[in-house]
Structures are given as C-alpha cells and as structure tokens.
Amino acid sequence: MLKLNTKNTIDKPTKEQLEQYSAKIKNIYQGIDKQILPGSRDWMGWRTYPFDYPQAEFARMVKKADEWKKDKVEYVVVIGIGGSFLGIKAAIDMCTNHLKEKLPKIIWVHNIGSNYLTSVLNQVEGKKFAIVVISKSGTTLEPAVSFRLFREKLEKQVGFEKASKYIVAVTDYDKGTLHDFAQKKKYSMFGIPNDIGGRFSTLTPVGMFVIILAGLDYKAMLAGAQQAYKDTQSPDLKKNSAALYAVYRDFYYSQKKLAVENFVVYDPYYSALGEQWKQIFGESEGKGGFGLYLGTSLFTTDLHSMGQFFQEGTRSFFETTLHVLQPKCDKKIVIKDDDDKLKFLNGKTINEIDECAFLATVSAHTKIGKTNNLVIELDNNDEFHYGYLFYWWSMTVTVNAYLFGVNPFNQPGVEAYKKEMFELLKK
C-alpha cells in the first residue's frame, strides 16, 4: 500500500524529540476527536466520508455518466478551479491506462487566460460536448465567467431546452447562485457537502462524477480511503506513517529551519499529483506567517534544468519523492544490435531504467548533495492507491497544521486577491 521511507534522511529527530512529538500528536488526536481544535468541528466531514458517502447520489452519477456515453458525447468541459479541479485531474492522470484513447475526452477549464479560453472554445465548435461546472457558491469569478461562455456556446449549438440535458452542476445542496440557477434551468445537480472544504473534496461528487465519466472504479478509490482511515487514526508514530510524515516536515521547518519542500515525481502522469499536494499543504499551512514553500519537480526532466541547483545550490530545502513501485504500464526493451551503443539495456524494462534513475538521484542528492530525502512508496498507481494517498495526505496536513499552530481548514489569504480584482473590475 503506502510506506514512508526515511532511510535517506541525513537529519533525524532524536529520541527525546520524538517523545516530545509523540505527546503533541496524542494531544492533536484527542483535540480532533473532541472537536475542540480550530475547524475540527465544522470541516472534518471528509474523515468518515469514505464510509458514509451517499450511495443513492453516487448511483445517480453513474446513471448520468452512462447517459452521456450512450449519447456519444465527444468532449466534456470540466469547469472548476482549485479543489474543484486539481484532485480530479490528479486522480484521472494517475490511474488511467493511457495506452487507449477513451471517450468522452475531458477538457479542463481552470484558468481565464484569453488565449487558453479562446482555444478551448474553438476546440468544441461544432462538436458534441457537455459541461460539468463545479462551484460551491457559483460566485467565484473564474469558473463563473468560463461557465457563461461555454453555456452560451452549447445553447447556441443545440438550443436552450436541449442544452440542459448536457450540463451538470456540482454545487451546494441547498443554496447559492449556481444552485438556484441550475434549479431554474433544470440541470442535473450533485451536492458538495457543507462540512468538507474544496481541497479535501475529491472523493465527494466534486471529483467523483468526472472520475466516473473517465471510467475509473470509484468504489476502489473509496476502499483505499477506508483503509487509509484505519491506518491513520492511531497517534502512535510507529503505526501511523501520516503522522510521522507530519513530524518530519515540522522537524525540518521548525528545528532545521529549512524553508522549502520539493515534491518529486518520476512520470508526467503523476505531475498533477504534485499540483494537488501543493494545494492541500499550501492552503492548509500557509498562514499566520508560517508554512513551507512548496515546489514540485518532474524527474528526470528537471534534472536537466534544475539538476545543478538540486545537487549544489543553497541547502534551504528537503525533498519528498513519490515512488510508485509497480506502475500499471511498462514495456521490455529488446535490442539485438549495438549501433546506438544501448545493447547493455537489452531485456530491461522502461521502469527498471527509471528505477535506476530514481535510486541514483536519491543517492547523489543525499550522499553528495547533503539533502534530506523522504520517500513515499506507493505499491501501485490504481484507484485504490489514489484513494489511500489522498486520504493519507489529508490526515498528514491536518496534523501538520496543528503542529504549526494554525487552522488547517480556512484560507483567509485567498480572499485578498479576489477583493482587489473585484475593485479593479468595478463590481
């Protein structure tokens, strides 16, 4: 399943420090259970959601997805930003078998760059497309603008009445601008739980409707999260690797004064996981003057651009690598000649070569570069393991934020740019 490997860390908490951390972790878990820590009463619905998810609503999502597939919808435009986008793409990229093109093709609309939006609007011109708009309130400007543009295009192509058949709104169950609009237009609607914030919502309808559309096994994803729940509820650092990861992160930040955590993946299809990791940890911890700066890297690609810095630059960072032990896709290399001097690779698989790159990099960065390296070892890149990893991260960051002394579940700083933007737009 998942293991936190700390053998490539140079700096480790002492026995006394671990005892101090153990006491803090125990207090945090007691505070969570008693719902007395900031946000723990109102925003931890995700903790038991994998067991309590609304099965009837999920059945409706499966039915709607089947309708669109039978109707041969070519494209699904998914409109959302932040937690309404990052986790969905991370799950689909990680788990999908990319050897086969699947329909409908998902197009992500998560930015209002004019070149980007215009290009996507042109891409669906004359095509059979549907829209999934994800927003709890419906007032977040970026998805609201995008939804208006794509909705108008869809209505122009198929007519106002028929367009409602091809629009799904994932929003608040009871109220809000998008809820009221969707109800008026008779769109299919799926709900966002009131006690689960955006970055913790991937396993709710926020992520699951699109995940189902992509043909993934949502029940396996929830099963992974259920197992992660069982594995992360003890405050014992010897039994709970999520809490141990939180301890190491706090130790490097608070004790060793490292300012940056660099999250590393070795496959472009895991890059979106890095983006989700950035959001989960950045929005949860980065407040009140606290928090690590979070960077993401794709190796070995970035070893040919930032590699020199990682090896010999300022030692202000530590690295956390996601290492998938047995990827779903692999290929053996067969070489009979030696014209390109690669015969030494004959019989090896692509993953075996990538594994050597991983081992060599961690060794060089640790032994020569004197950089602390944590490794999150994941058995597989299937749905079960995505569900496990996402839940494990959610538990880690909750503990981590409480160690930092901040509320994991609010993000007051996000509102600052919105206020300034509305003033510039003369709202």
Task: Yes/no for Asn346 being of a type in the set (S, T, N, Q) and over 23 Å from Phe263 (Cα atoms) - done: yes
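Taking the range 307-317 as the region of interest, how many residues are under 10 Å from His365 (Cα atoms) and either within 21 Å of the chain's Cα centre (by Cα) or not aromatic (Phe, Trp, Tyr) (or both)?
3
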- [ ] Name the one entry in Leu203, Leu178 that is crowded, with 24+ Cβ neighbours inside 10 Å and at pLDDT 95 or above.
- [x] Leu203
TODO: Might you check whether a residue that is open to solvent by less than 70 Å² (accessible area, probe 1.4 Å) and over 22 Å from the mean Cα position of the chain (by Cα) occurs anywhere in the range 75-93?
DONE: yes
Open item on the list: I'd like to check something: does the range 265-282 contain any residue that is in a helix (DSSP H, G or I), more than 24 Å from Ile81 (Cβ to Cβ) and open to solvent by 20 Å² or more (accessible area, probe 1.4 Å)?
Closed with: no
Open item on the list: Against the definition (outside any loop (DSSP other than H, G, I, E, B) and among the basic types (Lys, Arg)), how does Lys419 come out, yes or no?
Closed with: yes
Task: Criterion: surrounded by fewer than 17 Cβ atoms within 10 Å (Cβ to Cβ) and free of Cβ contacts under 8 Å to residues at least 60 places away in the same chain - qualifying residue of Ala364, Ala357 - done: Ala364
TODO: Could you tell me which residue of the range 318-342 is most open to solvent (accessible area, probe 1.4 Å), considering only residues that are of a type in the set (A, V, I, L, M) and within 21 Å of the chain's Cα centre (by Cα)?
DONE: Leu325
Open item on the list: When you scan the range 139-149, do you find a residue that is touching a helix residue (DSSP H, G or I) at 6+ places or on another chain (Cβ under 6 Å), part of a helix (DSSP H, G or I) and of a type in the set (A, V, I, L, M, F, W, C), even just one?
Closed with: no
Task: Total residues in the range 119-143, condition open to solvent by 10 Å² or more (accessible area, probe 1.4 Å), over 22 Å from the mean Cα position of the chain (by Cα) and within 19 Å of Lys185 (Cβ to Cβ) - done: 1
TODO: Specify the residue that is most open to solvent (accessible area, probe 1.4 Å); the eligible residues are those in the range 26-46 that are farther than 18 Å from Leu403 by Cβ, out of contact with any Asp or Glu (no Cβ under 7 Å at 6 or more places or on another chain) and not hydrophobic (A, V, I, L, M, F, W, C).
DONE: Arg41
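The values are calculated or read from the model by the stated rules, or taken from the named source; none is laboratory data. Predicted, not measured: the structure shown is a model, and the values here were computed from it. Cβ: placed from backbone, ideal geometry, glycine included. Neighbour counts: every protein chain shown. Areas reflect the complete protein model, heavy atoms only, side chains present, ligands, DNA and RNA absent. Shrake-Rupley method; radii C 1.70, N 1.55, O 1.52, S 1.80 Å.
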